[in-house]
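The values are calculated or read from the model by the stated rules, or taken from the named source; none is laboratory data. Just so it is clear, the model here is predicted, and its values are computed rather than measured. Virtual Cβ from ideal backbone geometry, glycine too; neighbours counted across all protein chains shown.
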């Protein structure tokens, strides 16, 4: 396993990019009157698979979701349900990968939650669909958001947008696996200067992300 500070740098980098994609894709979809949730979830799956392929660390996927969801606080108005939706995707993905790791630890395989290509392609659509179903009930009965009490809104979100998100999650997971493979192959040859550049890029992405998010708000 790489040093902890490199894992933190990766979470900061890809969590910030996920948060920015939430803002950017969300704005574009809103302006064009297109349901944004399936596309936002697919973007999240891409970054979750990418990061988990790089670092097999339980809790890292939840941390990624937490960082991405934090960007929602700079939107106006701030909607708790949108923050919760991003967190839920990260949490469900993290639980699934942690369970996979535990099962392998009890068997003959090495204890690794790192998803293979096949595992990612199978689990990604499940994570996407389950997150839509659970979030619909969570928003309606826990957050008590009146939007979800409107006729047909929750059903449309769960069983129309949910399957669309599941379908989009497959190519997103594939892209995440391939991107991770390319980055891992390149990083083997990196020297100290290149690793330092990676860390600086990670920190810069967080700072730039906040600046861009604030610019979109105001």
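Side notes on the structure shown:
- Single residue of 91, 85 found to be surrounded by fewer than 21 Cβ atoms within 10 Å (Cβ to Cβ), at pLDDT 90 or above, under 14 Å from the mean Cα position of the chain (by Cα) and not in a loop (DSSP other than H, G, I, E, B): 91
- Screening the candidates 100, 117, 50, 62 for the property of being modelled with pLDDT of 85 or more and more than 16 Å from the chain's Cα centre (by Cα) yields one hit, 117.
- Check on residue 21, modelled with pLDDT under 90, surrounded by 15 or more Cβ atoms within 10 Å (Cβ to Cβ) and either touching a strand residue (DSSP E or B) at 6+ places or on another chain (Cβ under 8 Å) or closer than 17 Å to residue 175 by Cβ (or both): yes
- Residue in the range 140-147 that is more than 25 Å from residue 53 (Cβ to Cβ) and under 22 Å from the mean Cα position of the chain (by Cα) present: yes
- Restricted to the range 27-39, and to residues there that are touching a residue at least 24 places away in the same chain (Cβ under 8 Å) and under 18 Å from residue 90 (Cβ atoms), the residue that is surrounded by the most Cβ atoms within 10 Å (Cβ to Cβ) is 38.
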